[in-house]
1. How large is the helix-only mean residue ellipticity at 222 nm for chain B, computed as the sum of -39500 (n - 2.57) over DSSP H runs with n ≥ 4, divided by its residue count, in deg cm²/dmol to the nearest 500?
2. At 7 Å along the Cα-to-beta-carbon direction for both A:Lys221 and A:Thr15, put a label point, then send me their distance in nm to one decimal.
3. Which whole-number value in Å² is the accessible area per residue of segment B:95-152, probe 1.4 Å?
4. Between A and B, buried accessible area summed over both sides at probe 1.4 Å, in Å² to the nearest 100?
5. Can you work out the FRET efficiency for the pair B:Asp34 and A:Thr115, with r the C-beta to C-beta distance and R0 = 41 Å, to the nearest 0.05?
6. Hey, can you grab everything whose amide H is under 5 Å from the amide H of B:Asp130? Only 5+ residues off in sequence or another chain; H modelled, so Pro and N-termini drop out.
7. Within chain B, which is the longest segment that contains none of the trypsin sites (Lys or Arg not before Pro) sitting in a DSSP loop with at most 16 other Cβ atoms within 10 Å?
8. At 1.4 Å probe size, with the rest of the protein present, what percent of the exposed accessible area of chain B is carbon and sulfur atoms?
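The values are calculated or read from the model by the stated rules, or taken from the named source; none is laboratory data. For clarity, every value in this text was computed on a predicted model and none was experimentally measured. Heads up, the Cβs are rebuilt from the backbone with ideal geometry, glycines too, and the neighbour counts pull from every protein chain shown. Keep in mind that these areas ignore ligands, DNA and RNA; they rest on the heavy atoms of the full protein, side chains included. Shrake-Rupley method; radii C 1.70, N 1.55, O 1.52, S 1.80 Å.
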Amino acid sequence: ENREAMLSSKNNRLTEALEEANTLFDGVCRAREAALDAQFLVIASSIGKEKANELRSEMSAFDSAAFAEDLLTFMGINRMEETDDSEDGPGGFLPRDAWKKVGEEALKYIKRAPTFHYMLGSFKSEPPVPKQRIERQKKANRGKAERAMPAQLKKMEESYQEATEKEVERVLGILQTHFENDPNTPISFFDFVIDPNSFARTVENMFHVSFLIRDGLARIKLDEDELPVIEPTKPSAGGEEEIRTGARNQVIIKLDQQEWK
Amino acid sequence: QVSEVVQFLLVKDQKKIPIKRADLLKNVIREYRDAYSEIIKRASRTLQEVFGLKLVEIDSKRHTFILVNNLPHVEGKYLCGDKEKEKMGLLYTILSFIFMKGNSVKDIAVWEFLQMLHVYPGKQHSVFGDVRKLVTEELVRQKYLEITPIPVTDPPQFTFQWGPRAEKEISKKDVLNFVAKVQGKDPTFWASQYSEAQATP
């Protein structure tokens, strides 16, 4: 325990202790005591070795206690009576900036690279939380937008469909009107669909007529000359059958601009 | 690549833990391995010319680096936080003690000395908190101090020495001057320490 004290070159404590042990050993009669004595010898020899080391060391004697005292003074110790603060040692209490003072002095001589910090900090902590909220909002918005989109499209499609349907109805109307004037005489298909002024319109007409055929509202037959004729169907009892029959026949009509002309 | 290396080194240095060459290769240089020495050379130059820092290899076997301030000391305050100042104050005190005592001291001696300064290993310190941890872990990890266990001791004992970073960042002459200043004596008062300090660059 008193190792440091014994090490001090200023006293002969080690020698004294050895002598004391010697004396004690004479009175030893139990093994346990002998063991203790042996232990003591081990420690004593290790201390002896250290003392020898210190002698060998070329360092001029350095009084660390004196250095400590002077350091405390440097730190600005207040050498009043002991306070209740258990941290303070005997001899007074240190001001708050005691170690800062030492540090400032020390830093003059330490070639320490100043630590590098980004001025504005890194993109951390904060964003994640709002981000989640933003994401949720975005999703909600998108949902609405998507809903708006299909609605719009539907409208367009409807109007498109309507347009077609209207056209088809219109064509049907024309066909029927024609037939009223000339019942039981199917109209030449080509006469009906061809628009002498516009190829595109012709095609459109054929397109609309095809709807009529599909829905069973009109019928195309071949007349004696093997030319197609068209006539509106009469709503009859066998209407359904006819529709089904009509649906099974597929005709592909090819018409290009040259023919049209 | 060079600027990436410079940035990497600067950021890694924040914790003052030595930088491993392996980390450098893995994270920054990667595919440019062959140009490694050239990159390092240029990075060193940038660090020196732009920041006044020196890239020093402190372990040639394990290839670890630290950044050392290479600018001559200018009178005036070193900019850093209070916590850092206090730690450096404690470190400098310990280093002074170690040097004056012959460059190698037992840990018990260090703690005995610190106790005289009201710093106790077992107690929470108002400035340093867990002092034992600060001294034996943090300062050792940063390579300011080096602890070596003494074989066949029970309870285990250690010796304290200057760490490689301390060797590079701090001069023995300055340490002796510090002790002399504190004690109001001339550095030549301690003859052998003085001659050793003069001998070390």
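1. -12000 deg cm²/dmol
2. 14.9
3. On a per-residue basis, 43 Å².
4. 5100
5. 0.80
6. Result for B:Asp130 returns B:His125.
7. B:124-184
8. For chain B, the apolar C and S fraction of the accessible surface comes to 52 percent.
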